[in-house]
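Some notes on the structure that comes next.
Since every read-out is calculated from the coordinates, none of them should be taken as a lab result. Predicted, not measured: the structure shown is a model, and the values here were computed from it. All Cβ positions, even for glycine, are placed from backbone atoms using ideal geometry, and neighbour counts span all protein chains on display.
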Amino acid sequence: MITLKKADFDKILAHAQSEAPIEACGLIAGELDGEDKIVKKVYILTNVDHAEEHFTLDPKEQLAAIKDMRANGLTPLGNWHSHPVSPSRPSEEDKRLAYDSSASYMILSLMDDVPVLNSFHIEGDKAEKEQLVIE
Amino acid sequence: MIITVAGVKKEVKDGITVAQLVIDENVETPQYVTVTVNDDFVENSQLESTVLHEGDTVEFLYFMGGGQ
């Protein structure tokens, strides 16, 4: 299970909506409680691809975020990105580029009136939806 | 000598290169990892020739990207 604060969901949503139709992206960090993940901080990063169908996290911002996590005692938990016009599920490219099997991959779809956020564990070409709790 | 790797202080051999550290640390899918030393990004072509020094701080950054 992975838990996300409503305020952090709103932060992701607001940024994704402001960036659309460009894909938005960032990192999540927090705490591990056994197999459960608790997101304590969401990071907004630049999509250096500036593309509607691709994203790449800015490596310099990624480094800064990792250092901030260390300084605040947070554990890197994964990343998030938006799908402005497609469903909240990993694309073939998302799966191919998911190199960290311990990470959670959150995908926010804006294709419908109601935004949909899901979190996935990706290993090889298999993606499994994680139980996501927004509170 | 002592260096810091991903936030953890470690003892490594004097004169170790970044390339050797990547091997010793069992970095998964190293072709998709960017290495920084003291916040400077090390080009892949420089991994073999970049020698680490006492007190250096090394981070491994996984490429993170995708597409819809």
From the option list A:Ile2, A:Ile66, A:Ile44, A:Ile22, single residue qualifying as closer than 18 Å to A:Phe120 by Cα and buried (at least 16 other Cβ atoms within 10 Å of the Cβ) is A:Ile2
Only unsatisfied item for A:Glu23, checking (1) in contact (Cβ under 8 Å) with a residue 60 or more places away in the chain; (2) closer than 15 Å to B:Met64 by Cβ; (3) within 11 Å of the chain's Cα centre (by Cα), is (3)
Failed criterion for A:Trp80 (all others in (1) more than 9 Å from chain B (Cβ to nearest Cβ); (2) part of a helix (DSSP H, G or I); (3) in contact with a Gly (Cβ under 7 Å, 6 or more places away or on another chain) hold): (2)
A:Ile66 vs. criteria in contact with an Asp or Glu (Cβ under 7 Å, 6 or more places away or on another chain), within 9 Å of another protein chain (Cβ to nearest Cβ) and closer than 18 Å to B:Tyr62 by Cβ: yes
Residue hits (segment B:24-50; farther than 25 Å from A:Glu61 by Cβ and touching a helix residue (DSSP H, G or I) at 6+ places or on another chain (Cβ under 8 Å)) are B:Glu48
Residue hits (segment A:107-123; buried (at least 19 other Cβ atoms within 10 Å of the Cβ), more than 15 Å from A:Glu53 (Cα to Cα) and of a type in the set (A, V, I, L, M)) are A:Ile122
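Yes/no per residue for (1) in contact (Cβ under 8 Å) with a residue 60 or more places away in the chain; (2) facing another protein chain (nearest Cβ under 10 Å); (3) assigned to a strand (DSSP E or B); (4) over 24 Å from B:Glu59 (Cβ atoms):
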residue	(1), (2), (3), (4)
A:Gly30	no, no, yes, no
A:Lys41	no, no, yes, no
A:Ile44	no, no, yes, no
A:His50	no, no, no, yes
A:Gln62	no, yes, no, no
A:Leu108	yes, no, yes, yes
A:Ser119	yes, no, yes, yes
Segment A:92-106, subset crowded, with 18+ Cβ neighbours inside 10 Å and either among the small types (Gly, Ala, Ser) or in a loop (DSSP other than H, G, I, E, B) (or both), residue farthest from the other protein chains (Cβ to nearest Cβ): A:Ser104
Answer with yes or no whether A:Ser88 is outside any loop (DSSP other than H, G, I, E, B), surrounded by 20 or more Cβ atoms within 10 Å (Cβ to Cβ) and of a type in the set (S, T, N, Q). no
Selection count where residues are more than 14 Å from chain B (Cβ to nearest Cβ) and either in contact with a strand residue (DSSP E or B) (Cβ under 6 Å, 6 or more places away or on another chain) or under 17 Å from A:Gln62 (Cα atoms) (or both), scope segment A:7-28: 5
Sort out which residues of segment B:39-68 are within 11 Å of another protein chain (Cβ to nearest Cβ) and surrounded by fewer than 16 Cβ atoms within 10 Å (Cβ to Cβ), and write them in order of number. B:Asp39, B:Asp40, B:Phe41
